[in-house]
1. Quick check: anything in segment 93-115 of a type in the set (A, V, I, L, M), free of Cβ contacts under 8 Å to residues at least 24 places away in the same chain and over 20 Å from residue 21 (Cα atoms)?
2. Can you tell me how many residues in segment 47-64 are part of a loop (DSSP other than H, G, I, E, B) and surrounded by 14 or more Cβ atoms within 10 Å (Cβ to Cβ)?
3. Do we have any residue at all in segment 56-69 that's among the charged types (D, E, K, R) and in contact with a helix residue (DSSP H, G or I) (Cβ under 6 Å, 6 or more places away or on another chain)?
4. In segment 65-100, what count of residues is obtained for those that are assigned to a helix (DSSP H, G or I), open to solvent by 40 Å² or more (accessible area, probe 1.4 Å) and over 17 Å from residue 40 (Cβ atoms)?
5. Out of everything in segment 16-70 that is free of Cβ contacts under 8 Å to residues at least 24 places away in the same chain and hydroxyl-bearing (Ser, Thr, Tyr), what residue ends up being nearest to residue 87 (Cα to Cα)?
6. Does segment 35-46 contain any residue that is surrounded by 12 or more Cβ atoms within 10 Å (Cβ to Cβ), among the small types (Gly, Ala, Ser) and assigned to a helix (DSSP H, G or I)?
Amino acid sequence: MMKFVLGFAVLVLPFAASAAFVNPMEFDGSEAQKQEVIEYIKAKVKADYCDGAVDMCQPTTLRMMEKQNLTAFKNLTKVKNKEILNKVIGDYCEGAFDMCTYATLDMMYKQNLKASGEQLSW
């Protein structure tokens, strides 16, 4: 039983300690939410570039990707089409694959917004 409890704790604690995703449409600009966004970005970038299959864990890369994600978050707080952003968040943050970075969301929001105004023609 003790092994089960320890094993469970090892699996659950890293997730409990990680910062939560902040939906840009629900961002209120408070210092608490700003800090939560920064912690989420730092944790996500570290996980993607240091703890994953890609080993690009260099301070330069990490800071560059953190800045890119913070800029993307700020862009996402100003979106006009919330329906498209909700769909993008659903696809990239709640789907089978974890691609929930603000940079990805910003890029895909812009692409989907552009595509929503286009039609197939000869």
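1. Yes, segment 93-115 has at least one match.
2. Step one: filter segment 47-64 for residues part of a loop (DSSP other than H, G, I, E, B), giving 50-58.
Then keep just the ones that are surrounded by 14 or more Cβ atoms within 10 Å (Cβ to Cβ); that gives 50, 57.
Adding up the residues that qualify gives 2.
3. If we filter segment 56-69 for residues that are among the charged types (D, E, K, R), which is where we start, we get 63, 66-67.
With the extra rule that they be in contact with a helix residue (DSSP H, G or I) (Cβ under 6 Å, 6 or more places away or on another chain), the set shrinks to 66.
Checking segment 56-69: at least one residue is among the charged types (D, E, K, R) and in contact with a helix residue (DSSP H, G or I) (Cβ under 6 Å, 6 or more places away or on another chain).
4. 5
5. Per the stated criteria, the residue is 40.
6. yes
The values are calculated or read from the model by the stated rules, or taken from the named source; none is laboratory data. Just so we're clear, the structure is a prediction, and the values are computed from it rather than from any experiment. Because the Cβ atoms are built from the backbone with ideal geometry, glycine has one as well, and the counts that use them run over all protein chains shown. Quick note on the areas: whole protein, heavy atoms, side chains included, nothing else; ligands and nucleic acids left out. Shrake-Rupley method; radii C 1.70, N 1.55, O 1.52, S 1.80 Å.
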